[in-house]
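Below is one structure, written out as structure tokens; the observations come after it.
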Amino acid sequence: MIHPLIQTRIASHLYVVTLLHEQEDLLERCQQMADALLKAFQEGKKVLFCGNGGSAADAQHLAAELSGRYYFDRPPLYAEALHVNTSYLTAVSNDYGYEEIYARLLRAMGTPGDVLVALSTSGNSDNVLKAIAAAREQGMIVIGMTGMDGGKMAQLCDVLINIPSKDTPRIQECHMLLGHIVCEIVEQTLFKKP
């Protein structure tokens, strides 16, 4: 017998994706995200990602799609998730506090024209908010990926991808859907498929 959650959760996923599909302004912001990444890569800049928990995993996944490959072999792009150095992460968390982990690293490596993609389903994660502030200090472009209202991040980002849901798993699923689309646009635009 099929557990009722299987169909229920698939139905709720489809509902949010349908809402997403119908929000033209949000889809236009997805295009703006792709354009920002394209401009950065065309100018030899970096795209850096940050998030917590599942959003950290999504950040690392999307960075890998760009720095590795997506659909076909091509030169790598400079994309990185800021949480991958555990020695740095634990040292800065211990010495300065967890809310400083991304901000401190952005002050070291961020340059004008780089892009920060900040993921937070609530839009209120302290360390992500501090990362956005540090990115702004460095002259970076900030793209936020959040849930329904964008939380505190809504007013701080150049481009806000706020998924029309308050349900964390559905938000993260849509972050990956749109993130994958952006990766595909970037790859197809910058490189000719062999």
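The values are calculated or read from the model by the stated rules, or taken from the named source; none is laboratory data. The model shown is predicted, which means the values in this text are computed figures rather than measured ones. Don't worry about glycine lacking a Cβ; one is built from the backbone with ideal geometry, like all the others, and counts go over all protein chains shown. Each accessible area value is taken on the protein alone, full model and side chains, heavy atoms only, with ligands, DNA and RNA left out. Shrake-Rupley method; radii C 1.70, N 1.55, O 1.52, S 1.80 Å.
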Next on the checklist: Could you check region 137-164 and list, in sequence order, the residues that are farther than 24 Å from Leu66 by Cβ, open to solvent by 60 Å² or more (accessible area, probe 1.4 Å) and not in a helix (DSSP H, G or I)?
Outcome noted: Met148, Asp149
Checklist entry - Would it be correct to say that Ala63 is surrounded by 17 or more Cβ atoms within 10 Å (Cβ to Cβ) and touching a Ser or Thr at 6+ places or on another chain (Cβ under 6 Å)? => result no
Checklist outcome for this item: Flagged in region 84-136 as of a type in the set (Gly, Ala, Ser), farther than 20 Å from Thr168 by Cβ and buried (at least 18 other Cβ atoms within 10 Å of the Cβ), in numbering order, are Ala103, Gly110, Ala134, Ala135
Checklist entry - Condition test on Leu37, is it surrounded by 15 or more Cβ atoms within 10 Å (Cβ to Cβ), under 15 Å from the mean Cα position of the chain (by Cα), assigned to a helix (DSSP H, G or I) and touching a residue at least 60 places away in the same chain (Cβ under 8 Å)? => result yes
Checklist entry - Could you count how many residues in region 1-28 are under 17 Å from the mean Cα position of the chain (by Cα) and crowded, with 17+ Cβ neighbours inside 10 Å? => result 2
Checklist entry - Residues in region 165-173: is at least one under 16 Å from the mean Cα position of the chain (by Cα), charged (D, E, K, R) and part of a helix (DSSP H, G or I)? => result yes
Checklist entry - of a type in the set (Gly, Ala, Ser), at positive phi and outside any helix (DSSP H, G or I) - does that describe any residue in region 113-128? => result yes
Item to check | Residues located in region 55-77, provided they are more than 23 Å from Ile171 (Cβ to Cβ) and in contact with an Asp or Glu (Cβ under 9 Å, 6 or more places away or on another chain) | outcome: Ser67, Arg69, Tyr71, Phe72, Arg74, Leu77
Checklist entry - Just a yes or no: is a residue in region 96-114 within 21 Å of Phe41 (Cβ to Cβ), touching a strand residue (DSSP E or B) at 6+ places or on another chain (Cβ under 8 Å) and of a type in the set (Val, Ile, Thr)? => result no
Checklist entry - When only residues in region 89-112 that are touching a residue at least 40 places away in the same chain (Cβ under 8 Å) and part of a helix (DSSP H, G or I) count, which is nearest to Ala135 (Cα to Cα)? => result Leu106
Checklist outcome for this item: Result of the Cβ filter at 9 Å on region 170-187, keeping first residues that are within 13 Å of Ala34 (Cα to Cα) and open to solvent by 10 Å² or more (accessible area, probe 1.4 Å) and partners that are of a type in the set (Asp, Glu) and assigned to a helix (DSSP H, G or I), at least 6 apart or interchain, is His180/Glu65; Glu184/Glu65; Ile185/Asp35
Next on the checklist: Taking the condition of being among the charged types (D, E, K, R) and touching a Lys or Arg at 6+ places or on another chain (Cβ under 7 Å), how many residues in region 86-122 meet it?
Outcome noted: 3
